[in-house]
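Heads up, the thing below is written out as structure tokens.
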Amino acid sequence: MAIDYTQKIPNNVNLADDRTLQRALEQWQPNFITWWDDVGPEGSTNHEVYLRTATSVDPQGWAHFDYVKMRDYRWGIFLNPGDENRQIHFGDHKGEKAWQDVPGEHRANLRRIIVTQGDTEPASVEQQRHLGLTAPSMYDLRNLFQINVEEGRHLWAMVYLLQKFFGRDGREEAGALLERTSGDANNPRILGAFNEKTPDWLAFFMFTYFTDRDGKFQLAALAESAFDPLARTTKFMLTEEAHHMFVGESGVSRVLQRTAQVMNELKTDDPALVRAAGAIDLGTIQRYLNFHYSVTIDLFGADQSSNAATFYSSGLKGRFEEGKRVDDHVLKGQTYKVLEVQNGQLGEKEVPMLNALNEVLRDDFIKDSIAGIGRWNKVLEKAGLSQRLVAPHKAFNRKIGALAGIKMSPDGRVVSEEEWKAHEAEWLPSPADFAFVASLMGPVLEPGKFAGWIAPPAMGINKNPVDFEYVRFG
Ligand SMILES: [Fe+2]
Ligand SMILES: [Fe+2]
């Protein structure tokens, strides 16, 4: 499974043996570079960035680190090794051989799943394109760029599947992935959260913590797929995704560390004083958390969905860690509790589990997210502070599904429209919060120097010191 870097498109799928596919991808490649130049990281063309590039899909030591100009990054196609005897292990086809090709009856649904996943990858690059201009340090700038090139590679991963298995439709979809643009009024990205702005670095860290974690759960569910090439490609994407979530989790931790330090030095929890000292007050951090959490859990879709049932039963998309679950992996006749709104109040009801699989995945995501919020709280605890961050109620600020019909406070009370309006600025970032956070943004670009609102990391990248020259500016 070694990766062939002598090819125009690095790959471990013997691309050279499939001339039609190779030609199709080589035609798409310059369009990808044009897209990168147009809406990728602003002003970065001549920077040499200390980046990791995949050299194999072996979990041990798959990465090589070196200085690369990002538009010369070796975006390629890397699938985890296959297992000839792999069996479908859930749904109606359980026990049958996994598919090496797309069965005709599942073609439309599989294409839709791959396009929807593929669309998020370039979207996040577009959302983050201005952030390089205001980085809080060279270390953080490098991490942003690493994520950006890897999201570009994730787009390649999905485009490979489209072009190899979906013929002309696949080629058209591959083209359309470069045409939609995050936030564009006429031709937006497919999913809501990927049309939101990522206006500043606190938003970036929240995004990579929460929204890249949505990526983890979606990819993990697709890694179970009966369509083996999809399973193998998403498995390798997951190893890259881990770094993105690390950037988010450690980023917010470092913000908290700095805020706690300022609060202790000034012996205050007055947000105005914390802000005056150039740190981000805990209230603002909580509001950013509320926003990114609620927007991200909407990504899992409607709480009851016949599509979710079809995707599972036909073997297209499993549950998170399907193989570790002890049930029949068919789920017929089983039920699951979802929230519902009745007469303006929140209740619970049991529904067929197959229809509730979006909710099952959302609940898995919530558990994982809350664990990390607990780790953030350890930073506050260690600093001797009594304040804590909390995840808002699952029904807070929802735009999709049954819960979109009510207004809910973060602590789980149904509130009137008036009450919502009166408290919105306490619950979600306000224009004043965004303006304040924007006022703190850099750039701080000397090696080893950090903006005043964020603590340095404990360690550098690839065992290099924190003050290593992670970016050489051209
Ligand atoms: Fe991704
Ligand atoms: Fe990611």
**Report entry** Percent breakdown of C-alpha pair distances by 5 Å bin, ordered from the shortest bin, for segment 284-413
**Finding:** 2, 10, 17, 20, 17, 13, 11, 6, 3, 1, 0
Query - Two-site label geometry, ILE190 and ALA458: point separation in nm, points 7 Å out along Cα→Cβ - result: 3.8
Report summary line: Note: segment 341-389, point scatterers on Cα, Debye, no solvent; log10 I/I(0) at q = 0.13, 0.15, 0.23, 0.25 Å⁻¹ equals -0.55, -0.64, -0.85, -0.90
Requested in this report: Express in nm, to one decimal, how much length is gained between LYS8 and ASP101 on full extension, taking 0.36 nm for each residue of separation and deducting their alpha carbon distance.
Outcome: 31.0 nm
**Report entry** Where Rh is the Kirkwood radius over Cα pairs, Rg/Rh for the chain
**Finding:** 0.97
**Report entry** Inter-part distance where segment 31-56 and segment 417-474 are each reduced to a Cα centre, Å
**Finding:** 22
Report summary line: Both in Å, the radius of gyration and Dmax of the C-alpha trace of segment 140-254 are 15.0, 48
Report task. Check cross-link reach from LYS97 to the lysines: straight Cα distance under 25 Å, and skip same-chain residues fewer than eight apart. Result -> LYS164, LYS235, LYS317, LYS324, LYS332
Query - Distant alpha-carbon pairs in segment 216-264 (separation over 16 angstrom), percent - result: 53
Requested in this report: Project the alpha carbons of segment 111-206 onto their principal axes and report the range along each, largest first, in whole Å.
Outcome: 45, 27, 18
Query - the chain - accessible surface per residue (Å², probe 1.4 Å) - result: 41
Query raised in the report: For PHE65 and ALA404, what is the calculated FRET efficiency with R₀ set at 56 Å and r taken between the beta-carbons, to the nearest 0.05?
Result: 0.80
Query raised in the report: Based on the Cα atoms of segment 1-151, what semi-axes does the equivalent ellipsoid have, where each is the square root of 5 times one gyration tensor eigenvalue, given in whole Å with the largest first?
Result: 32, 19, 17
Requested in this report: Can you grab the distance from the C-alpha centre of segment 211-231 to the C-alpha centre of segment 334-352, Å, no decimals?
Outcome: 27
Query raised in the report: Between segment 124-169 and segment 353-405, what is the C-alpha centre distance in whole Å?
Result: 26
Report task. Determine which residues of segment 122-143 fall in the zone a paramagnetic label at PHE246 would reach in this model, i.e. backbone nitrogen under 16 Å from the point 7 Å along Cα→Cβ. Result -> 139-143
Query - Rg to Rh quotient for segment 208-361, alpha carbon positions, Kirkwood Rh - result: 1.11
Query raised in the report: Considering only protein heavy atoms and a 1.4 Å probe, what is the carbon-and-sulfur percentage of the accessible area of the chain?
Result: 49
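The values are calculated or read from the model by the stated rules, or taken from the named source; none is laboratory data. No experiment lies behind these values; they were computed from the predicted model shown. Here Cβ is always computed from backbone atoms with ideal geometry, including for glycine, and neighbour counts include all displayed protein chains. Each accessible area value is taken on the protein alone, full model and side chains, heavy atoms only, with ligands, DNA and RNA left out. Shrake-Rupley method; radii C 1.70, N 1.55, O 1.52, S 1.80 Å.
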